[in-house]
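So the structure is just underneath, and the comments pick up after that.
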Number of protein chains: 2
Amino acid sequence: MSEHHATPSGTPDVTNQLAEWIVGLNGADIPAEVRQEGLRTFVNWVGCAVGGARHETVDCALRALMPFSGGKTATILGRPERIDTLHAALINGITSHVLDYDDTHLKTIIHPAGPVASALLALAEARPVSGEDFLTALIIGVEVECRIGNSVYPHHYDRGWHITGTAGVFGAAAAVGKMIGLNVQQMRWALGLAASQSAGLREMFGTMTKSFHPGRSAQNGLTAALLAEAGFDSSERALEAPRGFATVMSDKQDWSEILDGLGTHWEAALNSYKPFACGIVIHPTIDGCQQVRAEIGDRVTEIEKVHLTTHPLVLELTGKRTPSTGLEGKFSVFHSAACALLRGDGAPTAFTDEIVNLPEITNLRDRIDATADPDCHEASVTIDITFRDGSTLRKHVERAIGSRDVPLSNEQLNTKFLDQASLVIGQASAQALLDLSWTTAKLDDVADVTRLSAAGQDAAK
Amino acid sequence: MSEHHATPSGTPDVTNQLAEWIVGLNGADIPAEVRQEGLRTFVNWVGCAVGGARHETVDCALRALMPFSGGKTATILGRPERIDTLHAALINGITSHVLDYDDTHLKTIIHPAGPVASALLALAEARPVSGEDFLTALIIGVEVECRIGNSVYPHHYDRGWHITGTAGVFGAAAAVGKMIGLNVQQMRWALGLAASQSAGLREMFGTMTKSFHPGRSAQNGLTAALLAEAGFDSSERALEAPRGFATVMSDKQDWSEILDGLGTHWEAALNSYKPFACGIVIHPTIDGCQQVRAEIGDRVTEIEKVHLTTHPLVLELTGKRTPSTGLEGKFSVFHSAACALLRGDGAPTAFTDEIVNLPEITNLRDRIDATADPDCHEASVTIDITFRDGSTLRKHVERAIGSRDVPLSNEQLNTKFLDQASLVIGQASAQALLDLSWTTAKLDDVADVTRLSAAGQDAAK
């Protein structure tokens, strides 16, 4: 552990050191590979935000809040409506998470981009910023929330906190604070105001309120930075004080996770992107089935039966035999395998009510079974296929696509982006938005991306 | 403990039963004395909200957030600006708490009116409601937050949560939900959305963020009710689930505090009102010194020295010998005693920079000393006065004004209201607002009170 300034009680001045690092960091000092991962994080997030834009959760939130919205200063990605800055942070945070298809910091299960990008992009329309400065702020926000998450994980998560919300608010505050140029004292206040808004219960999983968490943490972190900028003060020891965030909300407080290697070790470089729009435990199966399909082509129609050998969690979490809705399909490894074999699909299109009830799919689904193997790695699966002619095929996936060992390539990110965004804003608009998103670092005004995300919405209607 | 429906695990369905009670309650079934206490709660809150309206904390918050505010649909009590409904809930919650002069539920130290009244009144300008229905909703909100507070107090507070924020958000959601007519399912969702926004750390005490808590809980509870109304769902077991509010945020969960005696026992009837604008431990001393002043009149100028015998906490928390600012004056029992003897004042006017440095006051202040007596009750004090001619006077306060045994009379509430509101909106406007506030139950539109609170602001300039 590196040497830290410490308070009299022996606890380092964590909030202050973190604030100093955030404020002092020069974007040019972020290594190129970290900046590249930041760009991938942003491109993936834009696709998810557009992809989720028409979900009923978003419709509900807008129905409730639009009457109370202020100036139409900000874009809701993938939708025709405009809304005020603070609500845009909320809504875009909801849309980007609502399909369970966003990014994952695997060490903490934080979905980092939602709270941070939603807050930054909403404000960027009111206060223009270059793509380069935007990406610097985004990377800092992701770094801060993941480090704070690390300092309390897993105890904090085990207690019942939805860590994307509770840690995400710090990421949003830090990112916005960096983007608007807070000084160190204001940054400490922003982190303090974030700490006093840190919330979100895992009890909400399975309801719309789960997606509310990244949205609200984006909005709260943005508010924290704006208040701090205006001189609204808070505790300057919000992370480490005896009644601060880490002690009140977790049994574990590891300050070294926050302070060690700042600027040399980057959690933001470890972000990962879901290849499939469902729980991560099914991903090896979908990956393997897609590989089988790629290898055998039309012979998928000759499959007699399929046997999966999986990690036990797969059946525990996604063992639904006869799903009847799209949402239930996400909790059925059998549907997911059938859909991947017959259609090669693991995108949101694989989890619609229509697809889940398609006779072609349900027919194969009912001929798939599975065995839990405690020795099977979480990112592995073995798929045994028997064809009508009696021949067999075995496909073993050692590590699934999207795991830390097999990250999505840029091409795979592109496919993921287009598959979901095209459904919402049309194929041509989705392609244009994707192309522009990859050029973010060169944009004079990052809001060009935001505006283009909405402009295409008519094309899809 | 009464009979409750229970979940299979033995935990009663707390959220559901509470929601059923809130939705089913007829305002006419609330006992007259409870309704009267609800009216007193409201009158006291209006005075505090107006009284705190010009505090720099409020200026800061408005400087940050006004540029992002929406339609000017709501009044900020005591100020000329108008703001959108959701931000009005936030700002009025801040103003009403910022002088530490609001109401107190003594069992939990919750300041009940801030989160609830701020949310209700902000929405009442957008959706008109009668004074009677408003008071019903207010009383329900106070009841809900205090009962939920009781269920986790003191463990929850001891862990570091600012209970006015964490429990207040439920009060605001319940109150607004009642006012807008949510059904039982929507009310369960509103309570769930409240649970996932429950936040606020005691670490923030001594900073502006402390006042932010009642404001944000008002805004969050209001948002929760509006979302639930639009069909935005959440867990329906947010209070009692293993990963719900009470277990995640407290080591104690006493469901009987929430469920027992609903509609017959009223926590809302136990609200109390601070007679003086400072920490409650100094209140017996100010009370006693005011009584002495009333008895001896001009002889206060002949006082040679004063000796206080107090509860030990008094010197621990408010033992500042030579305060130099108004804020420091709140932490000096010596200043408070001198000011009460010489000017009869314990209102915010007693805690200005000017008064704290007035030679007449500091001169007497320096001739006051105090002894801590472990046998002295928290609400007691003994004041021994020696005059220049050698004569002495002893004043013993058995229970201070404002304690549960000696509640403020309506006349004392009036004085408190006028003393602070006159400084902000002028005496005539303050009197008119006070008179109107007492007639709330008879108003066709409760927003008449809100509008009048702003109308007078020019008079004070």
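The values are calculated or read from the model by the stated rules, or taken from the named source; none is laboratory data. These figures come from a predicted structure and were not determined experimentally. Note that we place each Cβ from the backbone using ideal geometry, even for glycine, and neighbour counts take in every protein chain shown. The accessibility values were calculated without ligands, DNA or RNA, using every heavy atom of the protein model including side chains. Shrake-Rupley method; radii C 1.70, N 1.55, O 1.52, S 1.80 Å.
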query = Exactly one of (1) on the phi > 0 side of the Ramachandran plot; (2) within 9 Å of another protein chain (Cβ to nearest Cβ) is unmet by B:GLY181. Its number?
reply = (2)
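Inside segment B:65-106, can you point out the residues that are part of a loop (DSSP other than H, G, I, E, B) and under 14 Å from the mean Cα position of the chain (by Cα)?
B:VAL98, B:LEU99, B:ASP100, B:TYR101, B:ASP102, B:LEU106
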message = Quick check on this structure: which one of A:SER422, A:SER453, A:SER409 is open to solvent by less than 70 Å² (accessible area, probe 1.4 Å), at pLDDT 95 or above, out of contact with any His (no Cβ under 8 Å at 6 or more places or on another chain) and outside the structural domain of A:THR95 (by TED's automatic domain parsing)?
response = A:SER409
message = I'm checking my understanding of the structure. Among residues of segment A:194-240 that are polar (S, T, N, Q) and outside any helix (DSSP H, G or I), which one is modelled with the lowest pLDDT?
response = A:THR207
inquiry  = Name the single residue that is farthest from the other protein chains (Cβ to nearest Cβ) among those in segment A:241-252 being open to solvent by 10 Å² or more (accessible area, probe 1.4 Å) and part of a loop (DSSP other than H, G, I, E, B).
reply    = A:LYS252
ask   = Filter segment B:72-93 for residues that are more than 14 Å from chain A (Cβ to nearest Cβ) and of a type in the set (A, V, I, L, M); which is surrounded by the most Cβ atoms within 10 Å (Cβ to Cβ)?
value = B:LEU77
inquiry  = Considering only residues that are in a helix (DSSP H, G or I), open to solvent by less than 40 Å² (accessible area, probe 1.4 Å) and at pLDDT 95 or above, which ones fall in segment B:298-330?
reply    = B:VAL300
inquiry  = If I go through segment A:256-271 residue by residue, how many of them are buried (at least 21 other Cβ atoms within 10 Å of the Cβ) and of a type outside the set (Asp, Glu)?
reply    = 5
Scope segment A:363-399; condition outside any loop (DSSP other than H, G, I, E, B), open to solvent by 20 Å² or more (accessible area, probe 1.4 Å), more than 18 Å from A:ALA294 (Cα to Cα) and of a type in the set (D, E, K, R); matching residues = A:ASP369
request  = Return a yes/no flag: does segment A:259-268 have any residue that is assigned to a helix (DSSP H, G or I), hydrophobic (A, V, I, L, M, F, W, C) and closer than 17 Å to A:ARG365 by Cα.
outcome  = no
inquiry  = With open to solvent by 10 Å² or more (accessible area, probe 1.4 Å) and under 18 Å from B:ASN271 (Cβ atoms) as the only criterion, which of B:ILE109, B:ILE163, B:ILE180 stands out?
reply    = B:ILE109
request  = Go through B:SER69, B:SER96, B:SER151 for me and flag whichever is among the hydroxyl-bearing types (Ser, Thr, Tyr), crowded, with 22+ Cβ neighbours inside 10 Å and closer than 30 Å to A:ARG82 by Cβ.
outcome  = B:SER69
message = List the helices (runs of 4 or more DSSP H) inside segment A:400-458, counting only whole elements, that have at least 1 residues being of a type in the set (Asp, Glu) and without any contact (Cβ under 8 Å) to a residue 12 or more places away in the chain.
response = A:410-425, A:427-438
